[in-house]
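Below is one structure; the comments refer to it alone.
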Amino acid sequence: MSPPPGLVVFLSHTAAVSGAELAFVRLATALGRLGHPAAAVLTESGPLDGALASAGIPTTLVATSFASREVTIGGSFARLIRGGFQMLAAGWAAGAAIREAHGSVVVAESTKALLMGAVASRRARVPLVWHVHDRITREYFGRLAPIIRLIGFFAAAGFVANSKSTLATLWTGRRPAVVSYPGVDLGQVPERGPQRPAAEAALVMVGRLAEWKGQDLVLRALARTAAPVPLVFVGGTHFGEEDYARALRDLVDELGLTDRVAFVGHTDDPLRQAAQADVAIHYSRLTEPFGQVVVEAMAAGCATIAAAEGGPAEIVTDGVDGVLVPPRDPEALAEAIDRLVADSSLRTALAAAGAARARDFSLDVVAVAAAELLRQVAPRTAAPPRPSFPRGTAR
């Protein structure tokens, strides 16, 4: 085994908090316990600051004109080009901060961070690892997908993918590449009661309200179920997704589901919300790269239904620890809901097996693969456990 690297610096283009950001905070925390001190560089301030501070991860904010919300796949070509140059400038500033902190390896936490990291790692003269949270395919990135793969191929010294499904979309060549599933802190799993009888069963869907997450498909399935089972949506919106949230509420009215559906918004404790339900649903419209909330729902003791593709198909074994249904098929989803709601014994068996399966995704278990890749990419002597990485700005 190679000696551990020194300071591992995670680079993020955003300070918003979603599944990918939570995954990297948890990975950084677990790496610290494995002897890999970690820090973070952000290009904007926001909720992620607090999550990193709570985890005890030193963070610095680089001064940059880059605005991540303005650079999107569907945006204008001129804005995309301008944003590209801004990302390169942000990477240059990040490289200065990483060099000053004596970082040993940079971990890019998104496709935008990959472009920044390509510059930052060269200025800091350290290797770049791409932590890939998205499937690099046309359904996500359109015609930019092969360009993003090419940047990763030339810029990254190693790859950490959040699933086999994601890894299969990358061009890695002969460079080190591993799957390190996003981990779950099983110490935060709340206690829950037994599965309730059919007449009292309840459904939950945890996730950001975004069109690609497929909440509208779940509503259309709910309208087809034989039993009037209630459903709670747990999750808020990010910038630009408010129209979809309003459309969902309109669809609830259109389908006559107002007495069965509730929206509770964002919560910092989705496990507790999931533990109040009997069946959890995850049904993304696009192929889900991993599906962290699937593991969380299983850990919370829910019988879980998910689409039979992408990351969820790697987590769930159909009929053993959950139910897999064809994707983008509300009728098939409705049939699965009816089957589980009607059979509390089946729900109990699936929930027990699901909770056991969730333990395979505990933080310290899944972080080992990423830790070993970092050893290969940056075989250096370990830095002190509490690195000096001052909070502030860098240029």
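Please treat every number below as a calculation from the coordinates, not as lab data. Fair warning: this is a prediction, and the values are worked out from it, not measured in the lab. When we count neighbours, we look across all protein chains shown, and the Cβ atoms used for this are built from the backbone with ideal geometry, even at glycine.
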Q) How are the C-alpha pair distances of the chain spread across 10 Å bins, as whole percents from the shortest bin up? A) 5, 23, 31, 24, 13, 4, 0
**Q.** Gain on full stretching of the segment that runs from LEU88 to ALA202 - 0.36 nm per residue minus C-alpha separation
**A.** 36.2 nm
Q. So what's the angle, to the nearest 10 degrees on a 0 to 90 scale, between helix 145-155 and the longest Cα principal axis of the chain?
A. 40
Q. If you place +1 on the Cβ of every Lys and Arg and -1 on the Cβ of every Asp and Glu, how big does the dipole about the Cα centre of the chain come out, in debye to the nearest 20?
A. 1880
Q. Relative contact order, percent, of segment 180-258 when contacts are C-alpha pairs under 8 Å separated by at least 6 residues?
A. 35
Q) With each run of n ≥ 4 DSSP H residues scored as -39500 (n - 2.57), what mean residue ellipticity at 222 nm is computed for the chain after dividing by its residue count and rounding to the nearest 500 deg cm²/dmol? A) -12500 deg cm²/dmol
Q. Helix 344-358 sits at what angle to the longest principal axis of the chain, using alpha carbons and giving 0 to 90 degrees rounded to 10?
A. 10
(Q) Take LEU346 and THR237, extend 7 Å from each Cα along the Cα→Cβ direction, and tell me the distance between the two endpoints in nm. (A) 3.6
Q. What's the exposure ranking of THR267, THR43, going from fewest to most Cβ atoms within 10 Å?
A. THR267, THR43
Q: Would you please state the base-10 log of I(q)/I(0) at q = 0.10 1/Å for segment 211-302, with intensities from the Debye formula using one equal scatterer on every alpha carbon?
A: -0.26
Q: Quick one: dipole size for segment 198-359, taken about the Cα centre, charges +1 on Lys/Arg Cβ and -1 on Asp/Glu Cβ, in debye to the nearest 20.
A: 260
Q) What full-extension length gain, to one decimal in nm, is calculated for ASP185 and VAL320 as 0.36 nm per residue of separation minus the Cα-Cα distance? A) 46.3 nm
